[in-house]
């Protein structure tokens, strides 16, 4: 396997080289390359245990010995740089003896319980012992055994977290897990304790190993010391086949392998399918354990149709006929287009495009959207927000940057891959990271400066960076133009005060933006969810222009879901960008006349009886739309609602027809990641009940309406390729945009700012169906700061009432250092509590109060 | 309550001598006070350094003196200082290594407890030589009394303007931190010591990079032994040319030898390098011979990690080269003597237990190998040795020697290999008969 | 908090000396040990809070260094060096003498909670062997008679010092 370390990924042309002799052949590599990597580059495999391509070098296992002429002792190739004229042997007698001794030492206390070890068949130590013909028969003493603990299960395993199981006796102390956890993930729930031959890896005192990347530790472990419950003792690895797939949750599209047993039609686990350009070999736990959603016994198995107010099981034929009939009836009755659709951006290209065509071409409507949880969306497109979203962005660009700025993004929860990228940039390079958030986040732990601003002041914050640059003369004064007139307040000091941030911190960011050679600047969900997203985006466009960032900055508002980019590019917006619209009109011979309506507007119009029929695919607005009452009223007011989903949800409960939707694991599909990269999933499971992919449902509905969508799958896919090829990048505005401060009203009764979003082990509404993920977190909570907890006399785990002007829920408290004193966070991933009932559609900032529930 | 070590020294001899500078005042209870130290000529070298010498001249003088590291490795101190990259804009650090922990070695403790200012002065001069403005002394945690003495001395030095800002008006700033360890022999190894000061576990780091290039906090760092640094003021005061006249050609100067074990008068003795080992053991001035007039069986000449000498090998000069020719090392200068009623296997059980206990656990050969060796050696000592065990021990030693991150692995196996080579018959007897060839008689004195 | 305000201040003062706060882990552990007599995870958490570093880093370091007991010990922790120089002069005899005298095995604490007896590796007092450390002090050139005097003195000291 051609693995590279970060030490060696960037080969600049001017780098001086060294030439040396490796097993008799001349090899030239960049100066500074280790012998191990040089050998790998020419296909010579040197065995390793502690070395890992993504981690710093430990040099502790001593497996990778090589012999170097004129050197007095064997050298470890992982840490020895190749030098001019060196003569190196990777497989001499001395080397083989040295390695055999290391294996023998390693086997001394290793249990050799390979028959019952989960790692059997994919264990590095097993392979090396085999290759070097070493056993532990020379060691005729009892093996050292770590003491049993109350958490012990079979075979000396200790359950140390919701998923992770530790077997200290199998541990060979390569310290890969520790390095991964601390360096790559920035997590401190695992440690190395004691010393000498009693050195042990263990969970930190009083902690559980439950960080959002914990599953990776089972992959970095070269032996069976760290395994996970989900996989443990269920199947031997050689009885599984692998299927390439991608993560269906996050927008970067981590590459994964699904391990299946075809006879059993069952997925056993997911591992990384290392893609250095995207995931760098790491998976978030949500990605890793999310496959269980597809395997859930709760899956919808048959269509349901409402009869006499009750949903009853039906055949596809009945269901489809009913859909066709009702859609036709509604259109005929109203005599105009009053049908809309919501197709989630977690769906594959074929599904998105098929529904787009169904609604636009067959129904003849512009009532189509992919966004469930954004309120007050603009009806038109091409504004500043769309400009930013359309900009090119590359994941590897992150760790090629010298300055990284993030705005309004709790990265670990929204963009776990990008969070790890930023960590990598910091660990292996010279990069300054600035994080701006309305509350402290764990994600900012690598930031040089974490700037916490008053919630709802994003655009003023960005203005203040611009103003300070002008005031301090950090940028060419000719660039400033009329910016000061376009924005208010018009001084940096006033703006900073409104945002409640330190002007010095603003100055630091301005300086970094002025000096940065290669900048990554992106905003996240807190901006996306804001009803002021357009103003924030305008401020960012101004900043881009003022600092002259073209050519030295990748700036974006990152999309959220696995196929958000595909949805935009395929025209799933009510008003797609012009280039896309042109292409689609050409393909479909025209464009519907109807007014484009967003999810938000459609819901408003459902109440007014202007939208009567609605098709939802893979979305749950009742649970996720930021105003539960509004969404419920809207959907209840429909004449006809069709919902296709994997499970029965609060939204399917309102439907006249519910269709069982196939999961991403059950068909092959294509998805566009946040970089615009098209990636494929492959079918890993057969649907042994009658769930169907979204594109098939669209085609079946079109058939009912007697207008076939595509000649066949091939013509569909060719068309998709054509549409995706359209360059939908929007030009930056050629003038400064107006961004004025609008004061937000604060109701003293509700003094705390509420943020909602994903839990760090969940994404959206489906992951509740993954057992492993609910083992990490099964219910909602309200995260509050220790200071606030103290003030309210609340302990961790206490039940509290969270009240807003429109709703209240009772949830347990989680005290966290990653939150401010006047902010609370509640995850939206759990259907058990109606979190969105606290939210009002038109609020800029959501506010609540909390009080202890006294029983 | 704390205690001043009652260890015997040859301070009286040193006081009369012109060539044993380290122990001159160590029996003077007032020497720990800065006034006394200054009255005895202390801090003159520091003043001279600051006012008359460039850092290059200091390095040059110490190189010229031929001063070699007294901690064990014997690397020339001046040369080491010269490894700090020129023109580096990073801070530089000096660490005085007072983590004295190698069995048999107790020499630095005398200097720390009885002449702390000499250590501080040497540290200050070395700091100046490498452009360091924050120096550390890493004192093993158990030396509570020594740390207290050192802290008091440091406070005095600050008060008297020997440390702090703009010292002696020369514009040089120098601060000092007394850092105490927590009980880990491996922290005497310079990279482990660096980790320990950084608040990490005391695991050794790989070299390169060497500490002189990237040590403490990733900055150039020099780690020198207490005795090495305490020798520096004398070199500055009297010149490298004078220092070179002491000792032998390649092993210049004086050195403290810790004499312990079965001698009548154990103690710390400052001798010129090149002194005869036999004289140290038998001279009435020093060891005074073997207790109970028993026959000498063997000597560990340089701390527990150095190979053994047999009685017919002790007529040897105590200097780096001569001991190397005799197949052993000067090491830290800890001479451990044992008599005929001592089983060699029993001795090795003590040593291997120590190294197994002190292995940091980072690299495989040391972590696993020392544990295996301990099991095998204990088995032999307890009478359960099997045929082939000796060869197995030798093979394990070979697989540790030169294969580990830091020198602890080598330190663990060198005495074992030597003990087998020198007394193989005794090992074989143990295996063949399940008991000692010579029964160990090492009893606690009744006292009175 | 287990740490007294004085200990907290001392830890903060120590941290202020170093270029990086993490360097104060070992000083902080030492201060905690001197106050409490042993170390435990609660103390690691408190130290981590004071130094603003993850608690596991304190725990990892603490477990590496063997000088600090990790369980409660008696008022007097007797650490007998059993390494080579001391062994040659009767360290094993010293241990068994103390075991008999205190009526405990190595690793145990007397029932009155006064003495805990442990073996330790070389304490750097080889030319005054055999020796032992009791709490923070060294007792050197030991003989049976000397041990008798020391134990007698400490017992008297404890009794005059009131209840434990």
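Values for this structure:
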item: The range B:254-339, relative contact order [Cα under 8 Å, separation at least 6], %; result: 35 percent
item: Theoretical gain in end-to-end length, residue A:796 to residue A:84 [0.36 nm per residue, Cα-Cα removed]; result: 250.3 nm
item: Calculated FRET value between residue A:748 and residue A:504, using beta carbons and R₀ = 35 Å, to 0.05; result: 0.70
item: Net length gained if the chain between residue A:26 and residue A:334 were fully extended (0.36 nm per residue, minus Cα distance); result: 102.8 nm
item: Estimated FRET transfer efficiency (residue A:131, residue A:740; beta-carbon r; R0 56 Å; 0.05); result: 0.20
item: Neighbour-count order for A:588, A:51, B:372, fewest beta carbons within 10 angstrom listed first; result: A:588, B:372, A:51
item: Mean residue ellipticity (222 nm) of chain A, computed from DSSP H runs ≥ 4 via -39,500 (n - 2.57), nearest 500; result: -7500 deg cm²/dmol
item: Acute angle (nearest 10 degrees) that the helix B:344-358 long axis makes with the longest principal axis of chain B, alpha-carbon atoms; result: 50 degrees
item: Alpha-carbon spread of the range B:316-369, three principal axes, descending order, Å; result: 37, 30, 15
item: Cα shape, the range A:744-852, gyration tensor, a/c 1.5 rule; result: oblate
item: Between the range C:10-59 and the range B:318-354, the alpha-carbon center distance in angstrom; result: 39 Å
item: Mean ellipticity per residue at 222 nm, deg cm²/dmol - from DSSP H runs of n ≥ 4 across chain B, formula -39500 (n - 2.57); result: -12000 deg cm²/dmol
item: Virtual spin-label span in nm between residue A:837 and residue C:103, 7 Å along Cα→Cβ; result: 7.0 nm
item: Sites residue B:166 and residue B:16, calculated FRET efficiency, Cβ-Cβ separation with R0 45 Å, nearest 0.05; result: 0.70
item: Separation in nanometres of the label points that stand 7 Å from Cα toward Cβ, at residue C:13 and residue A:315; result: 8.8 nm
item: Rounded, prolate or oblate (a/c below 1.5 giving rounded, otherwise prolate when a/b exceeds b/c) for the range B:32-79 by Cα gyration tensor; result: oblate
item: For the protein assembly as shown: Kirkwood Rh in Å [reciprocal of mean 1/r, alpha carbons]; result: 35.9 Å
item: Shielding of A:691-701 by partner chains, average beta-carbon count, 10 Å; result: 0
item: Acute angle (nearest 10 degrees) that the helix A:458-471 long axis makes with the longest principal axis of chain A, alpha-carbon atoms; result: 70 degrees
item: Average other protein chain Cβ within 10 Å of Cβ, residues A:56-64; result: 4
item: Proxy reagent accessibility, fewest Cβ within 10 Å first, across A:396, A:362, A:88, A:746; result: A:746, A:396, A:362, A:88
item: Exposure proxy ranking, count of Cβ atoms within 10 Å, fewest first, for C:126, B:397; result: B:397, C:126
item: Whole-number percent relative contact order across chain B, with pairs defined as alpha carbons under 8 Å at least 6 apart; result: 16 percent
item: Over chain A, relative contact order from alpha-carbon pairs under 8 Å, at least 6 apart, %; result: 13 percent
item: Neighbouring partner chain Cβ atoms per residue of B:397-404, average, 10 Å criterion; result: 4
item: Relative frequency of Cα-Cα separations exceeding 26 Å in the range A:1-142, percent; result: 29 percent
item: Overall dimensions of chain A by Cα: Rg and Dmax, Å; result: 28.6, 93
item: With Cα atoms, 0 to 90° folded angle of helix A:533-546 axis to chain A main axis; result: 60 degrees
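FYI, it's all coordinate maths here, none of it is from the lab. Bear in mind the structure is a predicted one, so any value in this text is a computation, not a measurement. With ideal geometry, Cβ positions are generated from the backbone for all residues, glycine too; neighbour counts draw on all protein chains shown.
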